[in-house]
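Enquirer: To start, I am sharing the structure in question, which I have written as structure tokens.
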Amino acid sequence: MDQIRIVGGRTLKGRLPISGAKNAALTLLPAALLTDEPLTLRNLPRLADVDTFGHLLNQLGASTQVQGSRPEDFGRVMTVSAGRITSTTAPYDIVRKMRASILVLGPMLAREGVATVSQPGGCAIGNRPIDLHLKGLEALGAEIELTSGYVRAKAPKGLVGGHVNFPMVSVGATENVLMAACLARGETVIDNAAREPEIVDLATCLVAMGADISGIGTERLVIQGKDRLHGATYAVMADRIEAGSYACAAAIAGGEIVLGGANKALLGASLGILEEAGVAFADTPQGLSVQRKNGLHAVTASTAPWPGFPTDMQAQLMALMTKAEGASLLTETIFENRYMHVPELARMGADISVRGRSAVVRGVAALTGAPVMATDLRASMSLVIAGLAAEGETRVNRVYHLDRGYERLEEKLQAVGADIERVSGD
């Protein structure tokens, strides 16, 4: 199995392109099931999760075609054509690899009146039940049964608009219900809807496909159902988590990089936290300039749904704070098991104490390279960030986690001066 080998101590300089957003891409792909016409997605990142989702769509009868993209290019253009859905079952062997697979449930149910989807897998970062997805679809008239590890949903007379009031914010449930509501009869109102930029990206794409959605970007979405949607061509938004991750890399390694395709607005709450930590940002014609100014400083941060600090940036910020002056307090409010990177960072000399959902990170004078194990997608990036500043060699194992969410990570970092490569773990 491959490893990522990093020799720390190199400053970073140059332009690093930011890819299309993984979390947006995995939401836009199932939207293709809502129409019998082609949906073409531009700026689609080359990621293992995107490939897996493409295989799932093929399993359901959709064709996927990659156009005009050379192997050496970042991103690609994919056209998904679901002229006829030949299977309404998303099987375990595909769904277990990726939690986002549950997002075929709403579109398939809305279009076909029936859907069977294996309960999903994904990163082991905590309990992530799908009950809000199911309750939201039941509010639109779906009949749902859980049996043998599968969700079996049916709406033999079609879905009907209704009122969905989520008791807590859920990105995935908002996405599933939003897509289903586009083909439901009548009006659907979603209250306490998630407001993440990826939700806005999905809603904007659905409007391009003919959907009638108001309140985009707010906690109340109102959807007037349509008999059908049509095809469209749409560009996936830039990845705010990738941009924030590489901003942390630049800050811990030193130097200055420009994140191509990114700007301050893309980073949201991450921008303010990183600025407080001593990272300077500037929008330029080439992208977002990032550099560390006057050392790194401890911060206090708590994860929260948008517009709060994203849980998907917690591990990367923690890695950065291992080299900050003072003690940082990080609190994880979204997932209860998202500190699995802490023991691995400790192997590199980090001083981190965890109590419940909070972690105190005391900056150290030096990190030391070590063999470490990636436990999930964002945890794996935290180890790369730490490795860039560590003395000596770091080897990150289980790099398949990285491949799920970071397009050609080692190539991008090599281009801005990092001593990093992919090697055989044999």
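Enquirer: Working carefully through the options LEU146, LEU109, LEU103, find the one that is farther than 21 Å from PHE53 by Cβ and either assigned to a loop (DSSP other than H, G, I, E, B) or of a type in the set (A, V, I, L, M) (or both).
Expert: Going through LEU146, LEU109, LEU103 in turn, just one is farther than 21 Å from PHE53 by Cβ and either assigned to a loop (DSSP other than H, G, I, E, B) or of a type in the set (A, V, I, L, M) (or both): LEU146.
Enquirer: Same structure, new question: Residues to consider are GLY75, GLY61; find the one that is among the small types (Gly, Ala, Ser), assigned by TED's automatic domain parsing to the domain that holds ALA90 and in contact (Cβ under 8 Å) with a residue 40 or more places away in the chain.
Expert: GLY75
Enquirer: Pick from the range 259-282 the residues that are of a type in the set (Gly, Ala, Ser) and not in a helix (DSSP H, G or I): which of them is nearest to PRO310 (Cα to Cα)?
Expert: Residue satisfying both the conditions and the ranking: GLY268.
Enquirer: Related question: Please state which of the following conditions GLU37 fails to meet, knowing it meets all the rest: (1) at pLDDT below 95; (2) not in a helix (DSSP H, G or I); (3) not small (Gly, Ala, Ser).
Expert: The number of the failed condition is (1).
Enquirer: Further, regarding this structure: For the range 389-415, give me each residue that is among the basic types (Lys, Arg) and under 20 Å from ARG347 (Cα atoms).
Expert: Result: ARG395, ARG398.
Enquirer: Looking only at the range 155-168, count every residue that is in contact with an Asp or Glu (Cβ under 8 Å, 6 or more places away or on another chain) and buried (at least 17 other Cβ atoms within 10 Å of the Cβ) and tell me the total.
Expert: Matching residues across the range 155-168 total 4.
Enquirer: May I ask you to list the residues in the range 292-305 that are in a strand (DSSP E or B) and within 24 Å of the chain's Cα centre (by Cα)?
Expert: THR300, ALA301, SER302, THR303, listed by residue number.
Enquirer: Right, here's the next one. Among (1) under 13 Å from LEU105 (Cα atoms); (2) surrounded by fewer than 20 Cβ atoms within 10 Å (Cβ to Cβ); (3) modelled with pLDDT of 95 or more, there is one condition GLY136 misses while meeting the rest; what is its number?
Expert: (2)
Enquirer: Oh, and also: Determine if the range 210-217 includes at least one residue that is closer than 27 Å to ARG378 by Cβ, in the same structural domain as ALA415 (by TED's automatic domain parsing) and small (Gly, Ala, Ser).
Expert: No, that holds for no residue.
Enquirer: Taking ALA243 and the conditions (1) outside the structural domain of PRO307 (by TED's automatic domain parsing); (2) of a type in the set (A, V, I, L, M); (3) within 30 Å of VAL290 (Cβ to Cβ), which numbered condition does it fall short on, given that it satisfies the others?
Expert: Evaluating ALA243 over (1) outside the structural domain of PRO307 (by TED's automatic domain parsing); (2) of a type in the set (A, V, I, L, M); (3) within 30 Å of VAL290 (Cβ to Cβ) leaves (1) as the failure.
Enquirer: Only residues that are in contact (Cβ under 8 Å) with a residue 60 or more places away in the chain, part of a loop (DSSP other than H, G, I, E, B) and surrounded by fewer than 17 Cβ atoms within 10 Å (Cβ to Cβ): list them for the range 211-249, please.
Expert: Across the range 211-249, the qualifying residues are ARG228, HIS230.
Enquirer: Here are THR233, THR204: which of them is of a type in the set (Val, Ile, Thr), within 24 Å of GLY136 (Cβ to Cβ) and at pLDDT 95 or above?
Expert: THR204
Enquirer: Do any residues in the range 151-163 that are within 18 Å of ASP131 (Cα to Cα) have Cβ atoms under 8 Å from those of residues that are among the polar types (S, T, N, Q) and part of a strand (DSSP E or B), where the two are at least six apart or on different chains, and which pairs are they?
Expert: VAL151/THR116; VAL151/SER118; ARG152/THR116; ALA153/THR116; GLY162/THR188; HIS163/THR188
Enquirer: Would you confirm whether or not the range 40-48 contains a residue that is hydrophobic (A, V, I, L, M, F, W, C), in a helix (DSSP H, G or I) and touching a Lys or Arg at 6+ places or on another chain (Cβ under 6 Å)?
Expert: yes
Enquirer: Hey, another quick one. Looking only at the range 332-348, filter to residues that are modelled with pLDDT of 95 or more and out of contact with any helix residue (DSSP H, G or I) (no Cβ under 9 Å at 6 or more places or on another chain); which one of those is nearest to GLY295 (Cα to Cα)?
Expert: ALA346
The values are calculated or read from the model by the stated rules, or taken from the named source; none is laboratory data. Since this is a predicted model, take the numbers as computed values, not measurements. Neighbour counts are summed over all protein chains in view; Cβ atoms, including those assigned to glycine, are modelled from backbone coordinates with ideal geometry.
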